[in-house]
Amino acid sequence: MGEDADTRKINHSFLRDHSYVTEADIISTVEFNHTGELLATGDKGGRVVIFQREPESKNAPHSQGEYDVYSTFQSHEPEFDYLKSLEIEEKINKIKWLPQQNAAHSLLSTNDKTIKLWKITERDKRPEGYNLKDEEGKLKDLSTVTSLQVPVLKPMDLMVEVSPRRVFANGHTYHINSISVNSDCETYMSADDLRINLWHLAITDRSFNIVDIKPANMEDLTEVITASEFHPHHCNLFVYSSSKGSLRLCDMRAAALCDKHSKLFEEPEDPSNRSFFSEIISSVSDVKFSHSGRYMLTRDYLTVKVWDLNMEARPIETYQVHDYLRSKLCSLYENDCIFDKFECAWNGSDSVIMTGAYNNFFRMFDRNTKRDVTLEASRESSKPRAVLKPRRVCVGGKRRRDDISVDSLDFTKKILHTAWHPAENIIAIAATNNLYIFQDKVNSDMH
């Protein structure tokens, strides 16, 4: 990285030309499919936008194709729970692609309560020459049919059709924060604040509760589930993180209800760093297994950590994302930013990790060289083929020309959602209502 980061160039950016941001346009999740050819985003207005990579890149690896809008559809609508007098937002919390089984693509999308399975298909031919119907589809007068003809398929403009295949409802009392598709390609799990459910993709009217941390008396509640994910290779293993900063690895072979974890990953707290904010900033906002399945990546408010599945006592690597905010925790608590949930991502070879920050900054850490870089996703750098320049935040003392003072950071501009192409150095960054897609032109394949 380092010098390589200077050569990281913009591939494309999708900017909605608003001088103001409407709440519905704010991107709430970003996800590449398993090949990286498709990229889906969900927003607070319940819409899903799918981008497709231009096809020439498949044959010419050195002239990478850009991503263009492939399909847009309304996934969720606002609802009202009359029993609890609660409004259910249409905001898309998570999108997960299913491994492709045939020519069609499938994805799961969820808001706070309802998960939906969508099928995306292409049509570029239409049947013509029916015996009993005319061109407009109306039934012919049978007395006028004097001969039989074989219908033929004629080419037509490409149509992308998105259809809802299944709706998985009524499985959660609390807000769904994550969904994860199992490596068996038949089941998936959904997690809310207190429970995790296991679903079969073909069955919508029942799910199995595999984790339940709800105490008998809600006054005894000390922690909530913040994220969960299946192991990429072992269909019996999954992990979930908590607001207390711990990770629990569970094995579904051990018991039907995985309340007793197989492994507990927790870092002992340094008593000298104890403060009023300790518990809030230690809450894990995201957990991701590495592609190899050997490591886990977690994000809390100030750091990203890499854990080895074979070592529970402490993380093997800890990277400071924005340690300069430690002195600002009081004002961040007052404006509620301290509760922001940042996501994290691995690159395809598990050698580089990425996560977002404030001021439209995002951070990358090279695990091999231990170098890190801060980059900015902004309109100024969104011209095609522009080069991203590393940024530096200055805490005090001498400032270099391009340094940014910690006091001038814009906390309303935050990058919470990021995704990394599964095989190449292409990243997708959601900055409020804008989607940026960056590409490292020099190292377009993983090293």
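Restricting Ser228, Ser292 to residues that are part of a loop (DSSP other than H, G, I, E, B) and among the small types (Gly, Ala, Ser) narrows the list to Ser292. Restricting attention to segment 306-335, the residues that are under 24 Å from His261 (Cα atoms) and assigned to a loop (DSSP other than H, G, I, E, B) total 8. For segment 71-78, the criterion of a residue being loosely packed, with under 15 Cβ neighbours inside 10 Å, under 21 Å from Glu23 (Cα atoms) and without any contact (Cβ under 8 Å) to a residue 24 or more places away in the chain is satisfied by no position. Across segment 79-97, the qualifying residues are those that are in a strand (DSSP E or B) and at pLDDT below 95, and the one among them that is least open to solvent (accessible area, probe 1.4 Å) is Ile88. Here Glu219 passes the criteria (1) open to solvent by 20 Å² or more (accessible area, probe 1.4 Å); (2) closer than 23 Å to Glu90 by Cβ; (3) not aliphatic (A, V, I, L, M) except the one numbered (2).
Kindly establish whether Ser163 is touching a strand residue (DSSP E or B) at 6+ places or on another chain (Cβ under 8 Å) and either in contact (Cβ under 8 Å) with a residue 40 or more places away in the chain or not in a strand (DSSP E or B) (or both). Yes. Being surrounded by fewer than 16 Cβ atoms within 10 Å (Cβ to Cβ) and in contact with an Asp or Glu (Cβ under 8 Å, 6 or more places away or on another chain) is a property that does not hold for Arg379. Please tell me if Ala216 is modelled with pLDDT of 95 or more and hydrophobic (A, V, I, L, M, F, W, C). In short, no. Under the condition of being small (Gly, Ala, Ser) and modelled with pLDDT of 90 or more, which residue from segment 249-269 is most open to solvent (accessible area, probe 1.4 Å)? This residue is Ala254.
Would it be correct to say that Ile338 is in contact (Cβ under 8 Å) with a residue 12 or more places away in the chain and assigned to a strand (DSSP E or B)? No: the conditions fail for Ile338.
Residue selection: Glu229 fails the criterion of being free of Cβ contacts under 8 Å to residues at least 40 places away in the same chain and either polar (S, T, N, Q) or open to solvent by 10 Å² or more (accessible area, probe 1.4 Å) (or both). The residue that is nearest to Tyr188 (Cα to Cα), counting only those in segment 142-166 that are open to solvent by less than 90 Å² (accessible area, probe 1.4 Å) and aliphatic (A, V, I, L, M), is Val162.
Here is the figure for segment 167-213: residues that are polar (S, T, N, Q), in contact with a Gly (Cβ under 8 Å, 6 or more places away or on another chain) and touching a residue at least 60 places away in the same chain (Cβ under 8 Å) total 1. Is it true that some residue in segment 240-248 is crowded, with 16+ Cβ neighbours inside 10 Å and within 18 Å of the chain's Cα centre (by Cα)? Yes, the conditions are met somewhere in segment 240-248. Just wondering, is there one or more residues in segment 265-273 that are among the hydroxyl-bearing types (Ser, Thr, Tyr) and closer than 30 Å to Leu325 by Cα? Within segment 265-273, one or more residues are among the hydroxyl-bearing types (Ser, Thr, Tyr) and closer than 30 Å to Leu325 by Cα. Looking across segment 288-332 at every residue that is among the polar types (S, T, N, Q) and open to solvent by 50 Å² or more (accessible area, probe 1.4 Å), the one that is nearest to Cys250 (Cα to Cα) is identified as Asn310.
The values are calculated or read from the model by the stated rules, or taken from the named source; none is laboratory data. The structure displayed is predicted, hence computed values, not measured ones. Don't worry about glycine lacking a Cβ; one is built from the backbone with ideal geometry, like all the others, and counts go over all protein chains shown. Note: accessible area is taken over every heavy atom of the protein model, side chains too, but ligands, DNA and RNA are not part of it. Shrake-Rupley method; radii C 1.70, N 1.55, O 1.52, S 1.80 Å.
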